[in-house]
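Novice: Could you have a look at this structure, given as structure tokens, before my questions?
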Amino acid sequence: MTDNPVYDKLLSCLNAIREKTDFVPKVGIVLGSGLGDYAQQIDICAEIAYTEIKGFPVSTVPGHAGKFIFGYVDQVPIVCMKGRVHYYEGYAISDVVLPIRLMKFLGTEILFLTNAAGGVNPSFHAGDLMLIRDHISVFAPNPLIGANLDTLGVRFPDMSAVYRPELQEIIRTTAKENGIYLQEGVYAQLTGPSYESPAEIRMLRSFGCDAVGMSTVVEAIAANHCGLKVCGISCISNLAAGMSATPLNHKEVQEAADEAAPRFQKLVTESVKKFGASV
Ligand code: HPA
């Protein structure tokens with residue numbers, strides 16, 4: 001026990017996992033809405049349901065059934081999060097980023113974040129993939145608020161290159177090599193769970209935002225804080241509020257993500273294989 005409950009919970013979750021597997025991943029992958037089929041690409045060594053890890057936040061959203069999958073993509077040892085928890089479910093923000101810190105403790109060096117997002121950039125289309133170049137975090141709580149976990153990182157971490165340029169370049173090249181059209185841009189996280197209003201989307205666009213969602217940024221901040229190398233891709237599942245004639249619904253988000261899934265899987269797999277050589 002330490003004097004920090006956030007750190008204590010991390011250690012007890014780590015112990016619970018280490019009682020079940022000694023697998024050491026190099027790359028961590030967080031699968032977003034509807035992209036959970038990615039497990040098919042993995043030569044699986046172990047699976048641990050989040051419910052088996054005492055204290056671990058368990059998602060309540062349909063389509064976010066939660067487990068860690070340990071295994072290999074080609075020769076690269078990975079841990080995959082099938083299902084993430086969102087702040088709008090009511091968890092403390094420290095719980096929302098606990099799985100990210102846990103992946104670091106398990107040995108992960110590179111974190112690949114994925115999500116489904118609304119397209120804010122008018123040149124985007126539903127089904128596009130977008131390489132995340134940078135983010136806007138100011139509409140979500142900062143996950144580092146509270147006593148700093150000095151063993152993880154510094155109090156005031158730099159955020160000028162969260163999405164590592166070298167990983168971005170690998171993903172860009174991989175997309176080109178595989179004929180996958182890739183948009184690029186800035187992702188903003190809002191808390192949700194309501195979708196944005198058209199006025200909020202206009203505001204986000206004027207702030208330089210290209211895609212909007214309800215996850216990822218807090219994870220990226222916590223990951224960067226603890227020294228993980230981060231990269232991310234959004235699947236643009238819909239045009240954001242006010243940009244198309246129809247209202248938004250969760251089913252549409254999942255259907256567009258399903259349609260993009262083969263391209264997404266290919267891009268992640270081929271990129272991860274190259275990451276394996278780079279760490
Ligand atoms: N807004 C916020 N989050 C989302 C959206 C959206 O339009 N689409 C998918 N996730």
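The values are calculated or read from the model by the stated rules, or taken from the named source; none is laboratory data. Everything numeric in this text was worked out from a predicted model, so none of it was measured. Neighbour counts run over all protein chains shown; Cβ positions are idealised from the backbone, glycine included. Note: areas computed on protein heavy atoms with side chains; ligands, DNA, RNA excluded. Shrake-Rupley method; radii C 1.70, N 1.55, O 1.52, S 1.80 Å.
Novice: Output the qualifying pairs, or none if there are none: Cβ atoms under 8 angstrom, residues six or more apart or on different chains, first residue in the range 241-253 and aliphatic (A, V, I, L, M), second residue at pLDDT below 80 and within 10 Å of the ligand (Cβ to nearest atom).
Specialist: Here the result reads Ala241/Leu248; Val253/Ser33; Val253/Gly34, each pair linking the range 241-253 to a residue that is at pLDDT below 80 and within 10 Å of the ligand (Cβ to nearest atom).
Novice: If I go through the range 117-129 residue by residue, how many of them are closer than 15 Å to Cys209 by Cα and either charged (D, E, K, R) or within 12 Å of the ligand (Cβ to nearest atom) (or both)?
Specialist: Total satisfying the criteria: 5.
Novice: When residues of the range 113-127 are filtered for being surrounded by fewer than 24 Cβ atoms within 10 Å (Cβ to Cβ) and farther than 19 Å from Lys251 by Cβ, how many remain?
Specialist: 4
Novice: So Ser160 clears everything in (1) away from the ligand (no atom under 16 Å from the Cβ); (2) small (Gly, Ala, Ser); (3) touching a residue at least 12 places away in the same chain (Cβ under 8 Å) except one condition, right? Which one?
Specialist: (3)
Novice: Report whether or not Ala16 is closer than 30 Å to Arg263 by Cα, aliphatic (A, V, I, L, M) and surrounded by fewer than 18 Cβ atoms within 10 Å (Cβ to Cβ).
Specialist: Answer is no for this residue.
Novice: Pick from Leu98, Leu106: which is closer than 20 Å to Thr51 by Cα, away from the ligand (no atom under 16 Å from the Cβ) and more than 15 Å from the chain's Cα centre (by Cα)?
Specialist: Testing whether each residue is closer than 20 Å to Thr51 by Cα, away from the ligand (no atom under 16 Å from the Cβ) and more than 15 Å from the chain's Cα centre (by Cα) leaves just Leu106.
Novice: Only one of Cys45, Cys80 is without any contact (Cβ under 8 Å) to a residue 40 or more places away in the chain, away from the ligand (no atom under 16 Å from the Cβ), of a type in the set (A, V, I, L, M, F, W, C) and in contact with a Phe, Trp or Tyr (Cβ under 7 Å, 6 or more places away or on another chain). Can you tell me which?
Specialist: Result of the check over Cys45, Cys80: Cys45.
Novice: If you don't mind, another one. Might you let me know whether the range 192-209 holds any residue that is within 14 Å of the chain's Cα centre (by Cα) and either open to solvent by 50 Å² or more (accessible area, probe 1.4 Å) or farther than 24 Å from Gln40 by Cβ (or both)?
Specialist: Looking through the range 192-209, none of the residues is within 14 Å of the chain's Cα centre (by Cα) and either open to solvent by 50 Å² or more (accessible area, probe 1.4 Å) or farther than 24 Å from Gln40 by Cβ (or both).
Novice: Quick one: Leu102 ticks every box in (1) over 21 Å from Ile201 (Cβ atoms); (2) part of a loop (DSSP other than H, G, I, E, B) bar one, so which box is it?
Specialist: All conditions pass for Leu102, except number (2).
Novice: Return the only residue of Lys9, Lys67 being open to solvent by 10 Å² or more (accessible area, probe 1.4 Å) and touching a residue at least 60 places away in the same chain (Cβ under 8 Å).
Specialist: Lys9
Novice: Of the residues Glu259, Glu252, only one is within 11 Å of the ligand (Cβ to nearest atom), surrounded by fewer than 20 Cβ atoms within 10 Å (Cβ to Cβ), assigned to a helix (DSSP H, G or I) and of a type in the set (Asp, Glu); which?
Specialist: Exactly one residue qualifies, and that residue is Glu252.
Novice: For Gly185, work out the one condition from (1) within 16 Å of the ligand (Cβ to nearest atom); (2) open to solvent by 50 Å² or more (accessible area, probe 1.4 Å) it doesn't fulfil.
Specialist: Result: Gly185 fails condition (2) only.
Novice: Of everything in the range 135-153, what is out of contact with any helix residue (DSSP H, G or I) (no Cβ under 8 Å at 6 or more places or on another chain) and β-branched (Val, Ile, Thr)? Give them in sequence order.
Specialist: Val138
Novice: Checking the structure you have, find out if any residue of the range 218-237 is acidic (Asp, Glu), within 15 Å of the chain's Cα centre (by Cα), open to solvent by less than 30 Å² (accessible area, probe 1.4 Å) and within 29 Å of Pro165 (Cβ to Cβ).
Specialist: Yes - at least one qualifying residue is present in the range 218-237.
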